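Student: Structure below; questions to follow.
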Amino acid sequence: MAAKAQTHDGTGKVGSICRSLRRAIVERALLPGDRLPEDALGERFGVSRTIARQTLGQLAAEGLVELRRNRIAVVATPSWEEARDTFEVRISLERLVMQRLVGRIGPAQEAALLAHIDEEDAARHGTEAASIRLATEFHLLLAEMTGSPVLGRYVGELGYRCALILSLYSRPHSSDCAVSEHREIVAALVAGDAERVIALMDHHLDAVAERAHIVAEPPRDRDLGRLLAPYVEGGAARRKAG
């Protein structure tokens, strides 16, 4: 029983750290090419190197991390071809999400979607990182509403990979466009207009992809512990208390 409890606890820690690192990548605290040493991650999150290694392996499977020789891990740097393919696959997958949801959005789901868009709207005058995170989470919320674990998983993975791609190859994020387009998508879903909602989602994701262009690589001499401080559970509370 003790061994099982320990395994479950380790799995829980891996999942928690993965969520923190995904958010750090979406919010561009971590950028493509940033190194992720096992010992630094373990120290920052208070876990063993084994747990840190398992976390990096999970993120590598999702395409967010690259594992190199001598156990060196870095935030992935997708090529332009990989970036284009990722967006094309995502567009096809989210068409399926639209087909599953159109005409089947109930009042509670509509309210949840509109509440999330209101949160996006309120964040428009804040940081670009928060707007990008909320825009990504809107698509994850739609996928979760299908009730399909498969769609939820793969839309989530592709959404985070697209956010990583945008941190490497994009012009500034337009939160105004995201908010208005998200409202149109929800309205078409509720109205049961399958043709329109698929066209809206295709246009929306294509517009995001079209913002991509090659930019200079960011500097790599950045302190990992400092960058990840806001993403450790309880970190924000501790900073306020201090």
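The values are calculated or read from the model by the stated rules, or taken from the named source; none is laboratory data. Fair warning: this is a prediction, and the values are worked out from it, not measured in the lab. When we count neighbours, we look across all protein chains shown, and the Cβ atoms used for this are built from the backbone with ideal geometry, even at glycine. Note: accessible area is taken over every heavy atom of the protein model, side chains too, but ligands, DNA and RNA are not part of it. Shrake-Rupley method; radii C 1.70, N 1.55, O 1.52, S 1.80 Å.
Student: So which of ARG153, ARG161, ARG133 is closer than 14 Å to ARG22 by Cβ and surrounded by fewer than 17 Cβ atoms within 10 Å (Cβ to Cβ)?
Tutor: On the way: ARG161 fails: surrounded by fewer than 17 Cβ atoms within 10 Å (Cβ to Cβ); ARG133 fails: surrounded by fewer than 17 Cβ atoms within 10 Å (Cβ to Cβ).
Selected residue: ARG153, the only one of ARG153, ARG161, ARG133 that is closer than 14 Å to ARG22 by Cβ and surrounded by fewer than 17 Cβ atoms within 10 Å (Cβ to Cβ).
Student: Please go through region 97-125 and pick out each residue that is farther than 17 Å from THR136 by Cα and not small (Gly, Ala, Ser).
Tutor: Taking region 97-125 as the starting set, the residues that turn out to be farther than 17 Å from THR136 by Cα are 99-111, 125.
The answer is GLN99, ARG100, LEU101, VAL102, ARG104, ILE105, PRO107, GLN109, GLU110, HIS125.
Student: Suppose we filter region 195-228 for residues that are crowded, with 16+ Cβ neighbours inside 10 Å and either part of a helix (DSSP H, G or I) or at pLDDT 75 or above (or both); how many remain? Full working, then the answer.
Tutor: Of the residues in region 195-228, the ones crowded, with 16+ Cβ neighbours inside 10 Å are 196-198, 200-201, 204-205, 208-209, 212, 224, 228.
Cutting the leftovers down to either part of a helix (DSSP H, G or I) or at pLDDT 75 or above (or both) gives us 196-198, 200-201, 204-205, 208-209, 224, 228.
Number of matching residues: 11.
Student: For region 87-104, give me the residue count where each residue is more than 19 Å from the chain's Cα centre (by Cα) and open to solvent by less than 20 Å² (accessible area, probe 1.4 Å).
Tutor: 2
Student: On to the next question. Against the condition in contact (Cβ under 8 Å) with a residue 24 or more places away in the chain, over 20 Å from HIS203 (Cα atoms) and surrounded by fewer than 18 Cβ atoms within 10 Å (Cβ to Cβ), how does ARG84 come out, does it pass?
Tutor: Values: in contact (Cβ under 8 Å) with a residue 24 or more places away in the chain: yes; over 20 Å from HIS203 (Cα atoms): no; surrounded by fewer than 18 Cβ atoms within 10 Å (Cβ to Cβ): yes.
Against the criterion (in contact (Cβ under 8 Å) with a residue 24 or more places away in the chain, over 20 Å from HIS203 (Cα atoms) and surrounded by fewer than 18 Cβ atoms within 10 Å (Cβ to Cβ)), ARG84 does not qualify.
Student: Still on this structure, I have one more. Might you let me know whether region 105-124 holds any residue that is in a helix (DSSP H, G or I), touching a residue at least 24 places away in the same chain (Cβ under 8 Å) and small (Gly, Ala, Ser)?
Tutor: Looking only at region 105-124, we keep the residues that are in a helix (DSSP H, G or I), and these are 107-122.
So of that shortlist, the ones also touching a residue at least 24 places away in the same chain (Cβ under 8 Å) come out as 109-110, 112-114, 116-117, 120-121.
If we keep only those that are small (Gly, Ala, Ser) too, we end up with 112.
Checked against the condition, which is being in a helix (DSSP H, G or I), touching a residue at least 24 places away in the same chain (Cβ under 8 Å) and small (Gly, Ala, Ser), region 105-124 yields at least one hit.
Student: Still on this model: Does LEU21 qualify as being farther than 30 Å from ALA194 by Cα, outside any loop (DSSP other than H, G, I, E, B), modelled with pLDDT of 95 or more and of a type in the set (A, V, I, L, M)? Can you show your working first?
Tutor: Values: farther than 30 Å from ALA194 by Cα: yes; outside any loop (DSSP other than H, G, I, E, B): yes; modelled with pLDDT of 95 or more: yes; of a type in the set (A, V, I, L, M): yes.
Yes, satisfied.
Student: Name the single residue, out of those in region 51-78 being without any contact (Cβ under 8 Å) to a residue 40 or more places away in the chain, in a helix (DSSP H, G or I) and not aliphatic (A, V, I, L, M), that is most open to solvent (accessible area, probe 1.4 Å).
Tutor: ARG69
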